1. Determine, yes or no, whether V280 is surrounded by 18 or more Cβ atoms within 10 Å (Cβ to Cβ), within 24 Å of G55 (Cβ to Cβ) and either within 16 Å of ligand 1 (Cβ to nearest atom) or not assigned by TED's automatic domain parsing to the domain that holds V307 (or both).
2. Mind listing whichever residues of the stretch 160-194 are open to solvent by 30 Å² or more (accessible area, probe 1.4 Å), closer than 15 Å to F226 by Cα and part of a helix (DSSP H, G or I)?
3. I'd like the full set of residues that are touching a Pro at 6+ places or on another chain (Cβ under 7 Å), open to solvent by 30 Å² or more (accessible area, probe 1.4 Å) and either of a type in the set (K, R) or within 14 Å of ligand 1 (Cβ to nearest atom) (or both), limited to the stretch 108-147.
4. Being open to solvent by 40 Å² or more (accessible area, probe 1.4 Å) and within 16 Å of ligand 2 (Cβ to nearest atom): is that true of R197 here?
5. Would you confirm whether or not the stretch 350-358 contains a residue that is closer than 22 Å to T17 by Cα, assigned to a helix (DSSP H, G or I) and at pLDDT 95 or above?
6. Among the residues of the stretch 286-295, is there at least one that is touching a helix residue (DSSP H, G or I) at 6+ places or on another chain (Cβ under 6 Å) and within 16 Å of ligand 1 (Cβ to nearest atom)?
7. Where residues in the stretch 35-88 are buried (at least 18 other Cβ atoms within 10 Å of the Cβ) and small (G, A, S), which of them is nearest to Q123 (Cα to Cα)?
8. Among helices (runs of 4 or more DSSP H) lying entirely in the stretch 1-93, which contain 1 or more residues that are among the aromatic types (F, W, Y), within 16 Å of ligand 2 (Cβ to nearest atom) and within 23 Å of Y262 (Cβ to Cβ)?
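The values are calculated or read from the model by the stated rules, or taken from the named source; none is laboratory data. Everything quoted here is computed from the prediction, not taken from an experiment. Cβ coordinates were reconstructed from backbone atoms using ideal geometry, including for glycine residues, and neighbour counts include every protein chain displayed. The area values use the complete protein model at the heavy-atom level, side chains included, leaving out ligands, DNA and RNA. Shrake-Rupley method; radii C 1.70, N 1.55, O 1.52, S 1.80 Å.
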Amino acid sequence: MRHKALKGIQDILHPETFIWQRLEAIARGVFRAYGYSEIRLPIIESTEIFQRSIGETTDIVEKEMYTFTDKGGRSVTLRPEGTAPFVRAFVEHHLYNEPPPQKYYYMGPMFRYERPQSGRQRQFYQIGAEALGVEEPVIDAEVIAMLSVLLNRIGIKDIEFEVTSIGCSKCRPDYKNALKESLKEKLNLFCEDCKRRYEANPLRILDCKVKTCVDARQGSPSVTGFLCDDCKVHFNGVQHYLKLLNVHYVINPNLVRGLDYYTRTAFEVKSSLLGAQNAVAAGGRYGSLVEEFGGPGTPGIGFAIGVERIISLISEPSAGAKGPDIFLCSMGHGAEEKILVLAGQLRREGLWAEINYDKSSLRSQMRRADRMRAKTVIVVGEDELKKNTATIKDMQDKKEFKVPLEAEEILKIIKEK
Ligand code: ATP
Ligand code: MG
């Protein structure tokens, strides 16, 4: 029987994995420079972790979660995002006792039961960062600047940073009322979901992707006009520091995020090179999430990058994928055994050494070396074996010469290149 991966869930194959590794290495380097430590979180959590924090009336919780009952009768969920599990761990391990800011990053798969399409999988990867314990707007700007540096290092171009403030629990009620007031007369134009959201969580109407809803909400007030004084000061501060740190951004007062826990700063990075699913990264500040999880009042701010969307922006994903450092060809039984041992010695020194495992001709071994893009080839035949020498060939300039058949000698030549 032949099997296929589940719908919307992909294998990631070589040489694309090479790009993934490079991207992850760049991310680790940038996080290190900014003082972020890695945290590895489970991919499965109890369902409540997500329900309340992301919000009962968000698309994620209402429609997209992989939730099931385990053998012990508990409701568990494959994580749809990283912030809620992170805050759970932050509180569980009393990480708030470390001196602030507490800075962490994570990488790994997320799961959302969405309609699979370009830029939308059911399993996708995120690289995310969280900084906690700082109320001042400077950290918001620094987190956004770090994201900008990271995307820049990866070589992502044609992106735009959109920034806004979505207020706090003080100013949002006023805004909610104003929004409801403005939509009251045209509620019949909205989809069934939005009609329900109108009472339960009117802000969610602003995130609805249904075309008729997008049109119908045109002209409704935006939250930036309702910010309280503290939120205004904070938002001005964020903008001041973004300018100081030379981050180019636009203010999008209509930006809403798909998660309820955000307060004040929210941002998204969009690419003009992607189609409908054009957000490559997104994040924001969360004022009371740590408290909701039972910890002491600790503000946080973070973001998550959609790795597949970033990868799709990297042209020639396999460019730069390298071949073996050395390919060892042999003819005859004695030579075969000799190169088997030799390859082992070279590998212990960290070289990528390839050998042949069947009795194929020298020509076919050379063809394989070529296909693999080996940088250097060594040929050992019975004659060479007797004289304890080998012919070494540089695959770029095609030059050949003899070398002693010793690991140290060969190593020296390769290292010199
Ligand atoms: P979108 O508006 O595209 O649905 P979102 O607001 O649901 O995004 P977030 O929860 O903010 O997404 O996740 C951060 C990033 O993760 C997104 O900007 C995107 O790059 C990526 N992402 C989210 N959902 C998916 C998915 N189903 N498949 C691939 N990438 C995704
Ligand atoms: Mg979504």
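1. On the way: surrounded by 18 or more Cβ atoms within 10 Å (Cβ to Cβ): yes; within 24 Å of G55 (Cβ to Cβ): yes; either within 16 Å of ligand 1 (Cβ to nearest atom) or not assigned by TED's automatic domain parsing to the domain that holds V307 (or both): yes.
Yes: the conditions hold for V280.
2. The answer is R172, P173, D174, K176, N177, K180, E181, S182.
3. Hits for the stretch 108-147 are R112, Q123, Y125.
4. Details: open to solvent by 40 Å² or more (accessible area, probe 1.4 Å): no; within 16 Å of ligand 2 (Cβ to nearest atom): yes.
Criteria not met by R197.
5. There is no residue in the stretch 350-358 that is closer than 22 Å to T17 by Cα, assigned to a helix (DSSP H, G or I) and at pLDDT 95 or above.
6. Yes, there is a match, as at least one residue in the stretch 286-295 is touching a helix residue (DSSP H, G or I) at 6+ places or on another chain (Cβ under 6 Å) and within 16 Å of ligand 1 (Cβ to nearest atom).
7. Of everything passing the filter in the stretch 35-88, G82 is nearest to Q123 (Cα to Cα).
8. Hits in the stretch 1-93: 48-54.
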